[in-house]
1. Can you work out which of the residues in the stretch 124-150 that are open to solvent by 60 Å² or more (accessible area, probe 1.4 Å) and among the polar types (S, T, N, Q) is farthest from His66 (Cα to Cα)?
2. Out of the residues in the stretch 502-541 that are away from the ligand (no atom under 13 Å from the Cβ) and charged (D, E, K, R), which is modelled with the highest pLDDT?
3. Is it fair to say Val286 is under 30 Å from Thr10 (Cα atoms), surrounded by fewer than 16 Cβ atoms within 10 Å (Cβ to Cβ) and of a type in the set (Val, Ile, Thr)?
4. Scan the stretch 267-312 for residues that are farther than 26 Å from Ser42 by Cβ, free of Cβ contacts under 8 Å to residues at least 12 places away in the same chain and either in contact with a Phe, Trp or Tyr (Cβ under 6 Å, 6 or more places away or on another chain) or polar (S, T, N, Q) (or both) and jot them down.
5. Sort through Lys87, Lys95 and tell me the only one that's closer than 23 Å to Met180 by Cα and open to solvent by 50 Å² or more (accessible area, probe 1.4 Å).
6. List the helices (runs of 4 or more DSSP H) inside the stretch 1-118, counting only whole elements, that have at least 2 residues being of a type in the set (D, E, K, R).
7. Suppose we filter Val158, Val187, Val153 for residues that are under 20 Å from Gly114 (Cα atoms), open to solvent by less than 50 Å² (accessible area, probe 1.4 Å) and in contact with a strand residue (DSSP E or B) (Cβ under 9 Å, 6 or more places away or on another chain); which single one remains?
8. Out of Ala471, Ala475, report the one residue that is open to solvent by 30 Å² or more (accessible area, probe 1.4 Å) and away from the ligand (no atom under 12 Å from the Cβ).
Amino acid sequence: MNRFVRLLKTHTLWVGFVAVVIPLILMLGLQYFWLGKLEQTSAIARQATLRNTLETMATEVEFFYHAAAERLLNVPSAPFQDGDLNKIARQWGKKPTEGIRRLFLIDYTRQITGNFYAYDQASQVLQPTQASDESLAIVIASLPWQARVREAVSTEAVGFQVNEQDPLHRIILSPVTDDMNMIVGIVAMILDEDYFKKSLLPGIVEKTLTAFFPQESRQNLAVKIQDPASQNHAAHHQKAPARSLRFSFVFTDWAVSLHSQGSSATEWARGSFLFNMTLAVLLGIVLLGGIGLALRAANRAMKLSEMKSDFVSNVSHELRTPLASIRVFAEHLRLGRATSPQKVEEYGEFIEVESHRLSRLIDNILDFSRIETERKTYRFLPTDLSEVVKTVMKSHAVRLHQSGFEVTLHQPDSQLPQVLADPDALGQALHNLLDNAAKYSRETKSIAVRLSRQDNFVMVSVQDQGVGIAADEQARIFNRFHRVGTGLVHDIKGNGLGLSIVRHIVRAHGGTVTVESELGRGSTFFLGLPIPTSPSEGVDHA
Ligand code: ADP
(Lines give C-alpha, C1' and ligand atoms only; values in the text may rest on other atoms or scores of the structure.)
Protein backbone atom coordinates (compact mmCIF):
# COMPACT_ATOMS: atom_id res chain seq x y z
CA MET A 1 0.00 0.00 0.00
CA ASN A 2 2.76 2.36 1.03
CA ARG A 3 4.68 1.47 -2.09
CA PHE A 4 1.63 2.26 -4.18
CA VAL A 5 1.23 5.68 -2.53
CA ARG A 6 4.93 6.37 -3.07
CA LEU A 7 4.62 5.34 -6.71
CA LEU A 8 1.68 7.72 -7.11
CA LYS A 9 3.66 10.54 -5.55
CA THR A 10 6.73 10.08 -7.71
CA HIS A 11 4.69 9.90 -10.89
CA THR A 12 2.13 12.57 -10.05
CA LEU A 13 2.25 14.08 -13.53
CA TRP A 14 1.69 10.79 -15.28
CA VAL A 15 -1.10 9.90 -12.86
CA GLY A 16 -2.70 13.28 -13.60
CA PHE A 17 -2.29 12.75 -17.32
CA VAL A 18 -3.81 9.28 -17.24
CA ALA A 19 -6.60 10.55 -14.97
CA VAL A 20 -7.55 13.05 -17.66
CA VAL A 21 -6.87 10.99 -20.76
CA ILE A 22 -8.87 7.91 -19.76
CA PRO A 23 -12.14 9.82 -19.15
CA LEU A 24 -11.47 11.77 -22.33
CA ILE A 25 -11.09 8.60 -24.36
CA LEU A 26 -14.18 7.17 -22.67
CA MET A 27 -16.07 10.33 -23.45
CA LEU A 28 -15.00 10.24 -27.10
CA GLY A 29 -15.98 6.55 -27.25
CA LEU A 30 -19.42 7.32 -25.83
CA GLN A 31 -19.75 10.27 -28.14
CA TYR A 32 -18.93 7.98 -31.06
CA PHE A 33 -21.49 5.44 -29.88
CA TRP A 34 -24.28 7.96 -29.33
CA LEU A 35 -23.58 9.87 -32.49
CA GLY A 36 -23.72 6.55 -34.35
CA LYS A 37 -27.11 5.89 -32.81
CA LEU A 38 -28.20 9.41 -33.57
CA GLU A 39 -27.07 8.94 -37.15
CA GLN A 40 -29.33 5.92 -37.49
CA THR A 41 -32.31 7.59 -35.86
CA SER A 42 -31.88 10.83 -37.70
CA ALA A 43 -31.76 8.94 -41.00
CA ILE A 44 -35.00 7.21 -40.06
CA ALA A 45 -36.49 10.44 -38.78
CA ARG A 46 -35.63 12.25 -41.96
CA GLN A 47 -37.14 9.48 -44.04
CA ALA A 48 -40.26 9.70 -41.90
CA THR A 49 -40.40 13.46 -42.33
CA LEU A 50 -40.09 13.07 -46.08
CA ARG A 51 -42.90 10.51 -46.06
CA ASN A 52 -45.10 12.70 -43.86
CA THR A 53 -44.49 15.65 -46.12
CA LEU A 54 -45.61 13.68 -49.15
CA GLU A 55 -48.63 12.28 -47.36
CA THR A 56 -49.63 15.75 -46.27
CA MET A 57 -49.36 17.02 -49.83
CA ALA A 58 -51.51 14.14 -51.10
CA THR A 59 -54.03 14.67 -48.33
CA GLU A 60 -54.25 18.37 -49.10
CA VAL A 61 -54.97 17.63 -52.77
CA GLU A 62 -57.59 15.07 -51.84
CA PHE A 63 -59.11 17.44 -49.32
CA PHE A 64 -59.38 20.23 -51.87
CA TYR A 65 -61.31 18.13 -54.41
CA HIS A 66 -63.36 16.41 -51.76
CA ALA A 67 -64.42 19.77 -50.40
CA ALA A 68 -65.27 20.97 -53.89
CA ALA A 69 -67.33 17.82 -54.52
CA GLU A 70 -69.09 18.20 -51.16
CA ARG A 71 -69.87 21.80 -51.97
CA LEU A 72 -71.05 21.38 -55.52
CA LEU A 73 -72.17 17.77 -56.03
CA ASN A 74 -74.16 17.26 -52.85
CA VAL A 75 -77.52 18.26 -54.28
CA PRO A 76 -81.00 17.19 -53.14
CA SER A 77 -83.33 15.13 -55.37
CA ALA A 78 -86.26 17.60 -55.04
CA PRO A 79 -85.31 19.94 -57.92
CA PHE A 80 -85.17 16.90 -60.22
CA GLN A 81 -88.57 15.73 -59.11
CA ASP A 82 -90.02 19.27 -59.23
CA GLY A 83 -88.50 19.98 -62.61
CA ASP A 84 -86.74 23.04 -61.19
CA LEU A 85 -83.18 22.24 -62.12
CA ASN A 86 -82.15 25.87 -62.30
CA LYS A 87 -82.48 25.93 -58.55
CA ILE A 88 -79.33 23.80 -58.52
CA ALA A 89 -77.75 26.19 -61.00
CA ARG A 90 -78.52 29.10 -58.70
CA GLN A 91 -76.94 27.26 -55.79
CA TRP A 92 -73.82 26.63 -57.92
CA GLY A 93 -73.71 30.31 -58.75
CA LYS A 94 -73.33 31.17 -55.09
CA LYS A 95 -70.44 28.79 -54.50
CA PRO A 96 -66.80 29.02 -55.50
CA THR A 97 -65.92 26.77 -58.42
CA GLU A 98 -62.14 27.16 -58.38
CA GLY A 99 -60.33 24.23 -59.96
CA ILE A 100 -63.46 23.06 -61.78
CA ARG A 101 -63.60 23.42 -65.55
CA ARG A 102 -67.25 22.64 -66.01
CA LEU A 103 -70.27 21.44 -64.10
CA PHE A 104 -72.81 19.06 -65.67
CA LEU A 105 -76.18 17.80 -64.70
CA ILE A 106 -78.11 14.78 -66.13
CA ASP A 107 -81.80 14.55 -65.48
CA TYR A 108 -83.34 11.06 -65.70
CA THR A 109 -86.80 12.08 -64.53
CA ARG A 110 -88.00 13.09 -68.03
CA GLN A 111 -86.21 10.66 -70.31
CA ILE A 112 -84.68 7.33 -69.47
CA THR A 113 -81.63 8.20 -71.61
CA GLY A 114 -81.31 11.39 -69.60
CA ASN A 115 -81.31 15.07 -70.45
CA PHE A 116 -77.81 16.50 -70.41
CA TYR A 117 -77.17 20.06 -69.24
CA ALA A 118 -74.01 22.02 -68.88
CA TYR A 119 -73.79 24.83 -66.37
CA ASP A 120 -72.98 28.20 -67.81
CA GLN A 121 -70.87 30.09 -65.33
CA ALA A 122 -71.55 33.53 -66.81
CA SER A 123 -75.33 33.38 -66.86
CA GLN A 124 -75.60 30.89 -64.01
CA VAL A 125 -78.13 28.80 -65.91
CA LEU A 126 -78.20 25.28 -67.23
CA GLN A 127 -78.05 24.77 -70.97
CA PRO A 128 -78.56 21.60 -72.94
CA THR A 129 -75.16 20.24 -73.85
CA GLN A 130 -73.74 20.67 -77.31
CA ALA A 131 -71.74 17.87 -78.86
CA SER A 132 -68.20 18.24 -77.58
CA ASP A 133 -65.34 16.20 -76.13
CA GLU A 134 -66.44 17.24 -72.68
CA SER A 135 -70.05 16.17 -73.16
CA LEU A 136 -68.90 12.91 -74.72
CA ALA A 137 -66.74 12.25 -71.68
CA ILE A 138 -69.71 12.92 -69.43
CA VAL A 139 -71.89 10.57 -71.48
CA ILE A 140 -69.29 7.81 -71.18
CA ALA A 141 -68.82 8.37 -67.46
CA SER A 142 -72.56 8.24 -66.88
CA LEU A 143 -73.19 5.04 -68.84
CA PRO A 144 -72.96 2.61 -65.89
CA TRP A 145 -75.45 4.71 -64.00
CA GLN A 146 -77.77 5.08 -66.92
CA ALA A 147 -77.89 1.28 -67.11
CA ARG A 148 -79.06 1.24 -63.51
CA VAL A 149 -81.74 3.81 -64.31
CA ARG A 150 -82.93 1.78 -67.25
CA GLU A 151 -83.08 -1.39 -65.22
CA ALA A 152 -84.63 0.46 -62.23
CA VAL A 153 -81.97 -0.84 -59.85
CA SER A 154 -82.03 0.82 -56.49
CA THR A 155 -78.76 2.49 -55.58
CA GLU A 156 -77.55 2.97 -52.04
CA ALA A 157 -75.51 6.09 -51.28
CA VAL A 158 -72.42 5.59 -53.41
CA GLY A 159 -70.54 8.77 -52.66
CA PHE A 160 -68.41 10.56 -55.22
CA GLN A 161 -67.27 8.63 -58.25
CA VAL A 162 -64.08 9.52 -60.04
CA ASN A 163 -63.63 8.75 -63.67
CA GLU A 164 -60.19 9.43 -65.10
CA GLN A 165 -60.30 7.18 -68.14
CA ASP A 166 -59.68 10.20 -70.29
CA PRO A 167 -56.88 12.21 -68.63
CA LEU A 168 -58.02 15.29 -70.52
CA HIS A 169 -61.44 15.09 -68.89
CA ARG A 170 -61.19 14.00 -65.29
CA ILE A 171 -64.63 13.70 -63.86
CA ILE A 172 -66.05 13.54 -60.38
CA LEU A 173 -69.69 12.59 -60.46
CA SER A 174 -72.36 11.94 -57.93
CA PRO A 175 -75.66 10.09 -58.63
CA VAL A 176 -78.68 11.82 -57.08
CA THR A 177 -81.19 9.37 -55.62
CA ASP A 178 -84.75 9.81 -54.39
CA ASP A 179 -86.28 8.43 -51.23
CA MET A 180 -86.60 5.01 -52.85
CA ASN A 181 -82.88 5.00 -53.68
CA MET A 182 -83.67 5.31 -57.36
CA ILE A 183 -81.34 7.46 -59.44
CA VAL A 184 -83.12 10.61 -60.58
CA GLY A 185 -80.09 12.39 -61.94
CA ILE A 186 -76.35 12.85 -61.94
CA VAL A 187 -74.28 15.91 -61.12
CA ALA A 188 -70.74 15.92 -62.36
CA MET A 189 -67.76 18.17 -62.69
CA ILE A 190 -64.77 18.14 -64.99
CA LEU A 191 -61.58 19.13 -63.23
CA ASP A 192 -59.39 21.94 -64.46
CA GLU A 193 -55.96 20.36 -64.95
CA ASP A 194 -54.30 23.69 -65.62
CA TYR A 195 -55.44 25.01 -62.28
CA PHE A 196 -54.24 21.84 -60.57
CA LYS A 197 -50.84 22.01 -62.22
CA LYS A 198 -50.12 25.69 -62.06
CA SER A 199 -51.86 26.93 -59.01
CA LEU A 200 -53.15 24.30 -56.61
CA LEU A 201 -50.17 21.94 -56.55
CA PRO A 202 -47.39 24.56 -56.30
CA GLY A 203 -49.36 26.23 -53.51
CA ILE A 204 -49.71 23.00 -51.56
CA VAL A 205 -46.04 22.07 -52.13
CA GLU A 206 -44.87 25.45 -50.87
CA LYS A 207 -47.17 25.41 -47.85
CA THR A 208 -46.24 21.86 -46.83
CA LEU A 209 -42.51 22.37 -47.24
CA THR A 210 -42.68 25.51 -45.16
CA ALA A 211 -44.52 23.62 -42.47
CA PHE A 212 -42.13 20.64 -42.40
CA PHE A 213 -38.72 22.10 -43.12
CA PRO A 214 -37.03 25.19 -41.77
CA GLN A 215 -35.61 27.49 -44.41
CA GLU A 216 -32.01 26.21 -44.39
CA SER A 217 -32.80 22.52 -44.75
CA ARG A 218 -35.14 23.29 -47.65
CA GLN A 219 -32.16 24.28 -49.77
CA ASN A 220 -31.27 20.61 -50.01
CA LEU A 221 -34.75 19.49 -51.02
CA ALA A 222 -36.17 19.04 -54.46
CA VAL A 223 -39.79 18.27 -55.19
CA LYS A 224 -40.68 16.44 -58.34
CA ILE A 225 -44.18 16.12 -59.71
CA GLN A 226 -44.66 13.28 -62.17
CA ASP A 227 -47.64 13.51 -64.48
CA PRO A 228 -48.72 10.68 -66.78
CA ALA A 229 -46.67 12.08 -69.65
CA SER A 230 -43.83 11.94 -67.11
CA GLN A 231 -42.89 15.52 -67.49
CA ASN A 232 -41.51 16.97 -64.34
CA HIS A 233 -42.89 20.09 -62.85
CA ALA A 234 -41.38 22.24 -60.15
CA ALA A 235 -38.43 19.91 -60.26
CA HIS A 236 -34.83 20.80 -59.50
CA HIS A 237 -31.81 18.70 -60.27
CA GLN A 238 -32.12 15.52 -58.38
CA LYS A 239 -30.72 12.10 -57.75
CA ALA A 240 -32.84 8.96 -57.52
CA PRO A 241 -36.11 9.76 -55.71
CA ALA A 242 -35.94 9.31 -52.00
CA ARG A 243 -39.69 9.01 -51.59
CA SER A 244 -42.56 9.07 -54.02
CA LEU A 245 -46.33 9.05 -53.50
CA ARG A 246 -49.29 8.82 -55.86
CA PHE A 247 -52.38 10.92 -55.30
CA SER A 248 -55.27 8.83 -54.13
CA PHE A 249 -58.58 10.54 -54.92
CA VAL A 250 -58.17 12.35 -58.18
CA PHE A 251 -55.15 12.70 -60.42
CA THR A 252 -54.31 9.16 -59.36
CA ASP A 253 -51.90 8.79 -62.26
CA TRP A 254 -49.85 11.67 -60.87
CA ALA A 255 -47.18 11.29 -58.24
CA VAL A 256 -45.14 13.63 -56.12
CA SER A 257 -41.64 12.80 -54.94
CA LEU A 258 -39.11 14.41 -52.63
CA HIS A 259 -35.34 14.28 -53.01
CA SER A 260 -32.63 15.30 -50.67
CA GLN A 261 -30.64 17.23 -53.18
CA GLY A 262 -26.96 16.37 -53.28
CA SER A 263 -27.32 13.87 -50.49
CA SER A 264 -29.78 11.23 -49.50
CA ALA A 265 -31.22 11.02 -46.00
CA THR A 266 -28.56 8.49 -45.04
CA GLU A 267 -25.79 10.61 -46.49
CA TRP A 268 -27.21 13.59 -44.72
CA ALA A 269 -27.17 11.72 -41.40
CA ARG A 270 -23.67 10.41 -42.15
CA GLY A 271 -22.54 13.96 -42.89
CA SER A 272 -23.88 15.25 -39.62
CA PHE A 273 -22.31 12.28 -37.80
CA LEU A 274 -18.93 13.02 -39.34
CA PHE A 275 -19.25 16.71 -38.60
CA ASN A 276 -20.09 16.13 -34.95
CA MET A 277 -17.44 13.46 -34.53
CA THR A 278 -14.78 15.66 -36.10
CA LEU A 279 -15.82 18.44 -33.78
CA ALA A 280 -15.57 16.11 -30.78
CA VAL A 281 -12.15 14.83 -31.85
CA LEU A 282 -10.90 18.37 -32.47
CA LEU A 283 -12.12 19.41 -29.05
CA GLY A 284 -10.40 16.35 -27.61
CA ILE A 285 -7.16 17.32 -29.33
CA VAL A 286 -7.41 20.89 -28.09
CA LEU A 287 -8.11 19.59 -24.60
CA LEU A 288 -5.18 17.19 -24.78
CA GLY A 289 -2.97 19.99 -26.07
CA GLY A 290 -4.06 22.16 -23.14
CA ILE A 291 -3.42 19.35 -20.70
CA GLY A 292 -0.05 18.69 -22.34
CA LEU A 293 0.89 22.34 -21.93
CA ALA A 294 -0.31 22.39 -18.33
CA LEU A 295 1.61 19.20 -17.58
CA ARG A 296 4.70 20.59 -19.26
CA ALA A 297 4.45 23.71 -17.15
CA ALA A 298 3.95 21.58 -14.04
CA ASN A 299 6.87 19.40 -15.05
CA ARG A 300 9.06 22.45 -15.50
CA ALA A 301 7.98 23.84 -12.16
CA MET A 302 8.79 20.51 -10.51
CA LYS A 303 12.17 20.32 -12.22
CA LEU A 304 12.91 23.89 -11.22
CA SER A 305 12.03 23.23 -7.64
CA GLU A 306 14.23 20.12 -7.73
CA MET A 307 17.02 22.22 -9.23
CA LYS A 308 16.55 24.84 -6.56
CA SER A 309 16.85 22.35 -3.75
CA ASP A 310 19.91 20.85 -5.49
CA PHE A 311 21.23 24.37 -5.72
CA VAL A 312 20.83 24.98 -1.99
CA SER A 313 22.73 21.81 -1.13
CA ASN A 314 25.39 22.55 -3.78
CA VAL A 315 25.92 26.07 -2.45
CA SER A 316 26.18 24.78 1.11
CA HIS A 317 28.86 22.36 -0.04
CA GLU A 318 30.70 25.05 -1.91
CA LEU A 319 30.64 27.36 1.11
CA ARG A 320 31.81 24.64 3.39
CA THR A 321 35.12 23.93 1.60
CA PRO A 322 36.69 27.44 1.68
CA LEU A 323 35.33 27.97 5.18
CA ALA A 324 36.96 24.74 6.37
CA SER A 325 40.30 25.80 4.81
CA ILE A 326 40.06 29.24 6.41
CA ARG A 327 39.31 27.68 9.78
CA VAL A 328 42.24 25.25 9.54
CA PHE A 329 44.77 27.93 8.55
CA ALA A 330 43.45 30.36 11.15
CA GLU A 331 43.81 27.62 13.73
CA HIS A 332 47.41 26.98 12.64
CA LEU A 333 48.15 30.64 13.08
CA ARG A 334 46.42 30.85 16.48
CA LEU A 335 48.21 27.82 17.81
CA GLY A 336 51.53 29.23 16.64
CA ARG A 337 52.18 26.44 14.20
CA ALA A 338 53.52 28.91 11.71
CA THR A 339 57.11 28.86 12.84
CA SER A 340 58.62 30.99 10.13
CA PRO A 341 57.54 34.30 8.53
CA GLN A 342 57.23 32.43 5.18
CA LYS A 343 54.74 30.03 6.77
CA VAL A 344 52.75 32.94 8.21
CA GLU A 345 52.68 34.51 4.73
CA GLU A 346 51.71 31.23 3.14
CA TYR A 347 48.84 30.66 5.58
CA GLY A 348 47.74 34.24 5.18
CA GLU A 349 47.72 33.78 1.39
CA PHE A 350 45.60 30.67 1.71
CA ILE A 351 43.11 32.49 3.90
CA GLU A 352 43.01 35.41 1.48
CA VAL A 353 42.51 33.18 -1.57
CA GLU A 354 39.79 31.18 0.07
CA SER A 355 37.98 34.26 1.30
CA HIS A 356 38.15 35.68 -2.26
CA ARG A 357 36.57 32.45 -3.43
CA LEU A 358 33.86 32.87 -0.82
CA SER A 359 33.25 36.45 -1.91
CA ARG A 360 32.92 35.43 -5.56
CA LEU A 361 30.48 32.71 -4.63
CA ILE A 362 28.37 35.13 -2.64
CA ASP A 363 28.68 37.75 -5.41
CA ASN A 364 27.37 35.19 -7.88
CA ILE A 365 24.41 34.32 -5.66
CA LEU A 366 23.56 37.96 -5.03
CA ASP A 367 23.92 38.75 -8.73
CA PHE A 368 21.72 35.86 -9.66
CA SER A 369 19.04 37.04 -7.29
CA ARG A 370 19.31 40.57 -8.77
CA ILE A 371 19.07 39.21 -12.30
CA GLU A 372 16.05 37.09 -11.41
CA THR A 373 14.25 40.03 -9.84
CA GLU A 374 15.43 42.32 -12.65
CA ARG A 375 17.22 44.60 -10.21
CA LYS A 376 20.68 44.12 -11.71
CA THR A 377 22.04 47.42 -13.02
CA TYR A 378 25.19 48.16 -15.01
CA ARG A 379 27.36 51.20 -15.19
CA PHE A 380 28.85 51.36 -18.66
CA LEU A 381 32.16 53.14 -19.08
CA PRO A 382 34.70 53.22 -21.89
CA THR A 383 36.80 50.29 -20.75
CA ASP A 384 40.09 48.80 -21.76
CA LEU A 385 39.31 45.11 -21.78
CA SER A 386 42.90 43.98 -21.43
CA GLU A 387 43.08 45.86 -18.10
CA VAL A 388 40.02 43.99 -16.83
CA VAL A 389 41.48 40.69 -18.00
CA LYS A 390 44.82 41.37 -16.33
CA THR A 391 43.22 42.36 -13.01
CA VAL A 392 41.11 39.20 -12.95
CA MET A 393 44.05 36.99 -13.87
CA LYS A 394 46.13 38.60 -11.17
CA SER A 395 43.54 37.87 -8.51
CA HIS A 396 43.41 34.24 -9.63
CA ALA A 397 47.16 33.88 -10.02
CA VAL A 398 47.99 32.74 -6.51
CA ARG A 399 45.32 30.10 -6.31
CA LEU A 400 45.94 28.77 -9.81
CA HIS A 401 49.65 28.74 -9.17
CA GLN A 402 49.11 26.86 -5.90
CA SER A 403 47.01 24.28 -7.76
CA GLY A 404 49.76 23.84 -10.34
CA PHE A 405 48.14 25.70 -13.27
CA GLU A 406 50.02 27.37 -16.03
CA VAL A 407 48.04 30.42 -17.17
CA THR A 408 49.06 32.37 -20.25
CA LEU A 409 47.74 35.62 -21.70
CA HIS A 410 47.94 36.25 -25.45
CA GLN A 411 47.17 39.69 -26.80
CA PRO A 412 47.88 41.59 -30.00
CA ASP A 413 50.80 43.98 -30.14
CA SER A 414 48.63 46.92 -31.04
CA GLN A 415 46.33 48.49 -28.51
CA LEU A 416 42.77 47.13 -28.66
CA PRO A 417 39.93 49.66 -28.93
CA GLN A 418 38.01 50.45 -25.81
CA VAL A 419 34.52 49.00 -25.32
CA LEU A 420 31.56 50.40 -23.46
CA ALA A 421 31.38 48.13 -20.45
CA ASP A 422 30.79 47.75 -16.75
CA PRO A 423 34.27 46.63 -15.62
CA ASP A 424 33.03 45.02 -12.39
CA ALA A 425 30.39 42.95 -14.19
CA LEU A 426 32.79 41.95 -16.95
CA GLY A 427 35.39 41.06 -14.29
CA GLN A 428 32.86 38.80 -12.67
CA ALA A 429 32.06 37.07 -15.96
CA LEU A 430 35.77 36.45 -16.52
CA HIS A 431 36.17 35.23 -12.93
CA ASN A 432 33.47 32.68 -13.57
CA LEU A 433 35.09 31.49 -16.80
CA LEU A 434 38.49 31.18 -15.16
CA ASP A 435 37.00 29.39 -12.14
CA ASN A 436 35.32 26.89 -14.47
CA ALA A 437 38.49 26.42 -16.56
CA ALA A 438 40.34 25.48 -13.38
CA LYS A 439 37.49 23.44 -11.91
CA TYR A 440 36.94 21.32 -14.99
CA SER A 441 40.61 20.62 -15.74
CA ARG A 442 42.21 17.31 -14.91
CA GLU A 443 45.83 16.33 -15.52
CA THR A 444 46.66 19.00 -18.10
CA LYS A 445 46.54 22.17 -16.03
CA SER A 446 46.94 24.74 -18.72
CA ILE A 447 44.72 27.77 -19.28
CA ALA A 448 45.09 30.24 -22.13
CA VAL A 449 43.39 33.62 -22.17
CA ARG A 450 43.36 35.40 -25.53
CA LEU A 451 42.43 38.93 -26.46
CA SER A 452 41.82 39.84 -30.08
CA ARG A 453 39.76 41.96 -32.42
CA GLN A 454 37.28 40.44 -34.83
CA ASP A 455 35.44 42.91 -37.07
CA ASN A 456 33.54 45.18 -34.71
CA PHE A 457 34.07 43.03 -31.64
CA VAL A 458 36.78 42.71 -29.04
CA MET A 459 37.03 39.00 -28.25
CA VAL A 460 38.22 37.41 -25.02
CA SER A 461 38.55 33.64 -24.98
CA VAL A 462 39.34 31.33 -22.07
CA GLN A 463 40.68 27.96 -23.12
CA ASP A 464 41.29 24.95 -20.94
CA GLN A 465 42.36 21.39 -21.68
CA GLY A 466 39.96 19.82 -19.27
CA VAL A 467 37.05 17.42 -19.41
CA GLY A 468 35.20 19.16 -22.24
CA ILE A 469 31.44 19.35 -22.79
CA ALA A 470 29.32 16.97 -24.87
CA ALA A 471 27.83 18.58 -27.98
CA ASP A 472 24.22 18.11 -26.85
CA GLU A 473 24.98 19.83 -23.53
CA GLN A 474 26.70 22.88 -24.98
CA ALA A 475 23.54 24.91 -25.53
CA ARG A 476 22.10 24.06 -22.13
CA ILE A 477 25.05 24.88 -19.87
CA PHE A 478 24.09 28.56 -20.05
CA ASN A 479 20.70 27.87 -18.47
CA ARG A 480 20.33 28.68 -14.82
CA PHE A 481 20.98 25.76 -12.45
CA HIS A 482 21.97 23.53 -15.33
CA ARG A 483 24.87 21.25 -14.50
CA VAL A 484 26.23 18.37 -16.52
CA GLY A 485 25.51 15.69 -14.00
CA THR A 486 27.29 12.74 -15.60
CA GLY A 487 30.75 11.53 -16.54
CA LEU A 488 33.90 13.16 -15.34
CA VAL A 489 32.23 16.26 -13.91
CA HIS A 490 30.02 14.20 -11.66
CA ASP A 491 31.90 14.94 -8.43
CA ILE A 492 33.01 18.52 -9.16
CA LYS A 493 31.22 20.99 -6.93
CA GLY A 494 29.19 23.77 -8.42
CA ASN A 495 25.80 25.46 -8.33
CA GLY A 496 24.93 25.91 -11.99
CA LEU A 497 24.79 29.72 -11.81
CA GLY A 498 28.19 30.79 -13.17
CA LEU A 499 27.51 30.57 -16.90
CA SER A 500 23.95 31.87 -16.68
CA ILE A 501 25.36 34.99 -15.04
CA VAL A 502 28.04 35.25 -17.72
CA ARG A 503 25.40 35.09 -20.43
CA HIS A 504 23.24 37.71 -18.74
CA ILE A 505 26.15 40.11 -18.31
CA VAL A 506 27.37 39.68 -21.88
CA ARG A 507 23.90 40.14 -23.33
CA ALA A 508 23.43 43.31 -21.29
CA HIS A 509 26.56 44.58 -23.09
CA GLY A 510 25.09 43.72 -26.46
CA GLY A 511 27.71 41.02 -26.82
CA THR A 512 27.83 37.28 -27.33
CA VAL A 513 29.13 34.26 -25.47
CA THR A 514 29.80 30.97 -27.25
CA VAL A 515 31.60 27.75 -26.50
CA GLU A 516 33.65 25.33 -28.53
CA SER A 517 34.36 22.10 -26.81
CA GLU A 518 35.22 18.47 -27.34
CA LEU A 519 34.62 15.86 -24.72
CA GLY A 520 37.90 14.92 -23.03
CA ARG A 521 39.94 17.53 -24.98
CA GLY A 522 38.95 20.80 -23.33
CA SER A 523 36.74 23.82 -23.90
CA THR A 524 37.08 27.37 -25.12
CA PHE A 525 34.60 30.06 -24.12
CA PHE A 526 34.45 33.17 -26.32
CA LEU A 527 33.16 36.54 -25.16
CA GLY A 528 32.53 39.10 -27.87
CA LEU A 529 31.92 42.74 -26.94
CA PRO A 530 30.89 45.29 -29.55
CA ILE A 531 33.18 48.23 -30.27
CA PRO A 532 31.07 51.42 -30.07
CA THR A 533 30.82 53.28 -33.39
CA SER A 534 31.13 56.69 -31.74
CA PRO A 535 33.02 57.19 -28.49
CA SER A 536 30.53 58.01 -25.76
CA GLU A 537 30.49 58.63 -22.08
CA GLY A 538 29.43 56.14 -19.47
CA VAL A 539 25.72 55.48 -18.99
CA ASP A 540 23.69 53.64 -16.44
CA HIS A 541 21.91 50.69 -17.88
CA ALA A 542 19.63 48.11 -16.35
P1 ADP B 1 28.81 25.20 -12.10
O2 ADP B 1 30.20 25.21 -12.63
O3 ADP B 1 28.70 25.90 -10.81
O4 ADP B 1 28.20 23.88 -12.13
P5 ADP B 1 28.25 26.85 -14.38
O6 ADP B 1 27.03 27.58 -14.79
O7 ADP B 1 29.50 27.66 -14.22
O8 ADP B 1 27.92 26.07 -13.08
O9 ADP B 1 28.52 25.74 -15.45
C10 ADP B 1 27.48 24.93 -15.88
C11 ADP B 1 28.00 23.57 -16.31
O12 ADP B 1 28.77 23.74 -17.51
C13 ADP B 1 28.91 22.93 -15.34
O14 ADP B 1 28.22 22.17 -14.39
C15 ADP B 1 29.79 22.10 -16.22
O16 ADP B 1 29.22 20.84 -16.42
C17 ADP B 1 29.84 22.82 -17.52
N18 ADP B 1 31.07 23.61 -17.70
C19 ADP B 1 31.23 24.93 -17.51
N20 ADP B 1 32.49 25.32 -17.81
C21 ADP B 1 33.16 24.21 -18.20
C22 ADP B 1 34.48 23.93 -18.65
N23 ADP B 1 35.38 24.88 -18.76
N24 ADP B 1 34.76 22.66 -18.98
C25 ADP B 1 33.85 21.68 -18.90
N26 ADP B 1 32.59 21.86 -18.49
C27 ADP B 1 32.23 23.11 -18.15
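The values are calculated or read from the model by the stated rules, or taken from the named source; none is laboratory data. Keep in mind that what you see is a predicted model, and the values were worked out from it rather than measured. Cβ atoms come from the backbone with ideal geometry, glycine included; neighbour counts cover every protein chain shown. Surface areas here come from the heavy atoms of the whole protein model, side chains and all, with no ligands, DNA or RNA. Shrake-Rupley method; radii C 1.70, N 1.55, O 1.52, S 1.80 Å.
1. Ranking the candidates gives Gln130 first.
2. The extreme case among them is Arg507.
3. yes
4. Those that are farther than 26 Å from Ser42 by Cβ, free of Cβ contacts under 8 Å to residues at least 12 places away in the same chain and either in contact with a Phe, Trp or Tyr (Cβ under 6 Å, 6 or more places away or on another chain) or polar (S, T, N, Q) (or both): Ser305, Ser309.
5. Sole residue among the options that is closer than 23 Å to Met180 by Cα and open to solvent by 50 Å² or more (accessible area, probe 1.4 Å): Lys87.
6. Correct list: 2-10, 12-73, 86-94.
7. After applying the criteria, what remains is Val187.
8. Ala471
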